[in-house]
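Just below is one structure, and these are the notes that go with it.
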Amino acid sequence: MTESEKQENGQISADEIALYDRQIRLWGMQAQEKIRSANILLITVKALANEVAKNLVLAGIGSLTIIDHEPVTENDLEGQFFLEEVYRDEELIKQGKNRAEIAGPQIKRMNPRVKLTIDTDDVRTKQPDFFGQFDITIATELDFNTNATINAACRLANRPFYAAGLHGLYGYVFADLISHDFVIEREKSNVPPATQETPTRSIVKVTTKQKDKKTDKTIELVTKRESYSPLILANTSPLPEDFTRLPRRRKQVTPLLSCLRALWGFEKNIRRPPPHK
């Protein structure tokens, strides 16, 4: 089978194996095949999204769609490395050139194998079924109401949703994977495991593996399921009782959480970000 035939059949070619050799050694061929077939939506092209886009295309995802309706501004020059064209010709700012269209060629240059789509529509005008075509949606630098709306659309389509934003020296990442199963390997215990580990995490399956020949210990594979909440619910829910009741646990909660919730409350009620000064 030729290299082109392998690509058409969804198989990783020898050239790709050589290109992604180090990461394949880290997480295996099966994981790389999943990455290769991923179709991801990235919203807003600012400094944070630059890093996200770079890591995604270098990892070798299949397709990346970038949506941003805003023109490039002088503020974008302070922290974006995909705006090389603007650094050479600042007249593009006066012309109102779309920042996603400017960043696109630089992103494509990092890995030409990735299919790149630029969408200059306002993401707020998209219908809910728009988000169902993507495996993952990553929203950056959006206000609370827009994030919550997109999150709800992704949930309807049973698609994972990430939101992230920067505020000065601080930032946040929110994840709603709806329901996520993962497997851990551990030494088998004589005590039967509890099926409900935390309010959001449960054990759904335990299978016994063969004994480890070196240690003569029985190993088991434990499948766990983490349940996530949508943004609008996570923002209004109180901290779990074990955090509020125990001072030691309460100290583990960053005070920035209250600041972030206050910021989201302002955006939700006033429908604009707070002034910087």
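None of the figures in this text is laboratory data; all of them are computed from the coordinates on show. Note that the structure is a prediction, hence the values are computed from the model and not measured. Heads up, the Cβs are rebuilt from the backbone with ideal geometry, glycines too, and the neighbour counts pull from every protein chain shown.
Points worth noting:
- Candidates ALA148, ALA139, filtered to the one that is small (Gly, Ala, Ser) and part of a strand (DSSP E or B): ALA139
- Where helices (runs of 4 or more DSSP H) sit wholly within region 8-78, those with at least 3 residues that are surrounded by 16 or more Cβ atoms within 10 Å (Cβ to Cβ) occupy 21-36, 47-59.
- Summed over region 168-199, residues that are in contact with a Pro (Cβ under 9 Å, 6 or more places away or on another chain) and in a strand (DSSP E or B) total 3.
- Hey, ALA262 of a type outside the set (D, E, K, R), under 24 Å from the mean Cα position of the chain (by Cα) and exposed (fewer than 12 other Cβ atoms within 10 Å of the Cβ) or not: yes
- Any hit, region 235-252, residues being touching a residue at least 24 places away in the same chain (Cβ under 8 Å), farther than 30 Å from PHE131 by Cα and either touching a Leu at 6+ places or on another chain (Cβ under 7 Å) or surrounded by 10 or more Cβ atoms within 10 Å (Cβ to Cβ) (or both): yes
- Close contacts from region 200-228, counting a first residue that is in a loop (DSSP other than H, G, I, E, B) and a second that is surrounded by 13 or more Cβ atoms within 10 Å (Cβ to Cβ) and among the hydroxyl-bearing types (Ser, Thr, Tyr), with Cβ to Cβ under 7 Å and a gap of 6+ residues or different chains, come to THR200/SER227.
- Here region 136-189 is the region considered, the condition is being under 30 Å from LYS214 (Cβ atoms) and in contact (Cβ under 8 Å) with a residue 24 or more places away in the chain, and the residue that is farthest from the chain's Cα centre (by Cα) is LYS188.
- Complete set of residues in region 107-126 that are part of a helix (DSSP H, G or I), over 13 Å from LEU64 (Cβ atoms) and touching a residue at least 24 places away in the same chain (Cβ under 8 Å): VAL123, ARG124
- Residue list for region 25-63, restricted to those being more than 21 Å from ALA163 (Cα to Cα) and acidic (Asp, Glu): GLU33
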